[in-house]
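See structure below.
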Amino acid sequence: MSNDQTIATIFDLGPQIRYVAIGNGQDVRMRQRPDLRDASSNVSDRFEELLVNPTLLLLAKQRGDIDCGGLRYIIIRYGHFFQVVVPNPQSGHVSVAVEPDSDPVPIAEAVADLLHPA
């Protein structure tokens, strides 16, 4: 599945999806819903995808691989949204911002299932 198809599929999960990013090293593809309230800047989102999310995934994956059965996803609760970060087996990660009044766990599970089909 192409990056554009992956992004479209994730947006199809529902209106609670604020933005989707696919990061792979210095290559970051992001798409944001146009009608967002309290949106963070594209610059800060880009740095989050380049620096923060890969670092968090590395740390959590290393811990998860010791004796926790690996890492499926991370959920972060910011003030204006949840951030779901899922390792991408093709390399890098997929990041999904979810509205704060939504449950991020079903989104995290759906994205993990999409990236890691059984």
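The values are calculated or read from the model by the stated rules, or taken from the named source; none is laboratory data. Since this is a predicted model, take the numbers as computed values, not measurements. So basically every Cβ, Gly included, is an ideal-geometry build from the backbone, and we count neighbours across all protein chains shown.
In this structure, is Ala112 of a type in the set (Gly, Ala, Ser), within 20 Å of Ile7 (Cβ to Cβ) and in contact with a strand residue (DSSP E or B) (Cβ under 8 Å, 6 or more places away or on another chain)? Yes: the conditions hold for Ala112.
Among the residues in segment 57-68, are any at negative phi, under 13 Å from the mean Cα position of the chain (by Cα) and not hydrophobic (A, V, I, L, M, F, W, C)? For segment 57-68, residues at negative phi, under 13 Å from the mean Cα position of the chain (by Cα) and not hydrophobic (A, V, I, L, M, F, W, C): absent.
Filtering segment 40-60 to residues that are surrounded by 14 or more Cβ atoms within 10 Å (Cβ to Cβ) and either assigned to a helix (DSSP H, G or I) or basic (Lys, Arg) (or both) leaves Asp45, Arg46, Glu48, Glu49, Leu50, Val52, Asn53, Pro54, Leu56, Leu57, Ala60. In the set Val28, Val20, only one residue is out of contact with any Cys (no Cβ under 9 Å at 6 or more places or on another chain), under 15 Å from Val84 (Cα atoms), β-branched (Val, Ile, Thr) and not in a helix (DSSP H, G or I); that residue is Val20. Among the residues of segment 74-118, just one is surrounded by fewer than 20 Cβ atoms within 10 Å (Cβ to Cβ), outside any strand (DSSP E or B), in contact with a helix residue (DSSP H, G or I) (Cβ under 7 Å, 6 or more places away or on another chain) and among the aliphatic types (A, V, I, L, M), namely Leu114. Of the residues making up segment 1-13, just one is modelled with pLDDT of 95 or more, assigned to a loop (DSSP other than H, G, I, E, B) and over 11 Å from Val96 (Cβ atoms), namely Asp12.
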